[in-house]
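Input: a single structure, listed below in structure tokens.
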Amino acid sequence: MSGVQQEDEPGRARSVAIIMDGNGRWAAARGLSVAEGHREGARALRRTVEAAMDVGIESLAVYAFSTENWARPADEVESLLDLLDETIERELPDLAKQGVRTRFFGRRDRIPEPSREKMEELERETAGNKRLQLWIAFDYGSRSELVQAIRSLLADGVAPEDVSEESLARRFYAPELPDPDVVIRTSGEQRLSNFLLWQSAYSELVFTDTLWPDFGADALEAALAEYAGRARRYGAR
């Protein structure tokens, strides 16, 4: 799916990626625990997915847990893993009934087996849904993805002259994930934080001060409106 594309029809984003940031600051401002901030962030994910369907987005990729997040305090990591299970059991089934297909991408070898089983079960159950493709990046890092893809090329004995953008991208965690038209980051930070570095080569970037737990339909529509006012030329004039 990756590589240089032709200029898109202006105004409409079909594929969106979101770096969901600000749960901790949202919780701290309210005197709540970080775990409560993450839990409110899970609710924001549900309403944002529903808003994405309402405006005709076809693919939504969200950054839930990075490879670097393992370095956070052990109790916070544990709460995030617990929240993964809660989200799969409480939030995502209702979205599935609305036609959402959910897929997870990233490393799975470090995720507890019960959680992996829940992830795989949800992927199987929603495989036929077509209204919106929801991609959840969990234990994901773009540099790690590139390294494992290169290792796969070497293991497969691909000759140097046969290496191409397409052959590399086919070995990514989610080769069917479309390149995002726009990457949105919440909370006012202005960086990609190792998220979809290859896939976002020609994406528009939109940064909003809204903390993720406060994100929803209005914030999504504002970000899409900003995107709609830009021209994507992919290096051309």
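Descriptive notes on the structure:
- Test: residue in segment 223-231 that is within 15 Å of the chain's Cα centre (by Cα) and at pLDDT 95 or above: no
- Qualifying positions in segment 154-180 - over 19 Å from Phe105 (Cα atoms), assigned to a loop (DSSP other than H, G, I, E, B) and of a type in the set (D, E, K, R): Asp156
- Residue among Val77, Val55 that is over 28 Å from Ser203 (Cα atoms) and β-branched (Val, Ile, Thr): Val77
- Unique residue being in a loop (DSSP other than H, G, I, E, B), touching a residue at least 60 places away in the same chain (Cβ under 8 Å) and buried (at least 17 other Cβ atoms within 10 Å of the Cβ) when the list is Ser193, Ser144, Ser200: Ser200
- Residue count for segment 60-94 under the criterion of being of a type in the set (Lys, Arg) and closer than 15 Å to Lys118 by Cα: the result is 1.
- Listed by first and then second residue, the pairs with beta-carbon distance under 9 Å, at least 6 apart or on different chains, first residue in segment 24-49 and touching a residue at least 60 places away in the same chain (Cβ under 8 Å) and aromatic (Phe, Trp, Tyr), second surrounded by fewer than 20 Cβ atoms within 10 Å (Cβ to Cβ) and not in a helix (DSSP H, G or I), are Trp26/Leu32.
- Residues that are closer than 17 Å to Phe207 by Cβ and under 15 Å from the mean Cα position of the chain (by Cα), drawn from segment 14-43: Val16, Ala17, Ile18, Ile19, Met20, Asp21
- Filter result for Asp209 (closer than 30 Å to Ala27 by Cα, in a helix (DSSP H, G or I), without any contact (Cβ under 8 Å) to a residue 60 or more places away in the chain and not aliphatic (A, V, I, L, M)): no
- Scanning segment 112-133 for residues that are over 23 Å from Trp70 (Cα atoms), of a type in the set (A, V, I, L, M) and surrounded by 14 or more Cβ atoms within 10 Å (Cβ to Cβ), we see that the one that is farthest from the chain's Cα centre (by Cα) is Leu122.
The values are calculated or read from the model by the stated rules, or taken from the named source; none is laboratory data. Just so it is clear, the model here is predicted, and its values are computed rather than measured. Cβ atoms come from the backbone with ideal geometry, glycine included; neighbour counts cover every protein chain shown.
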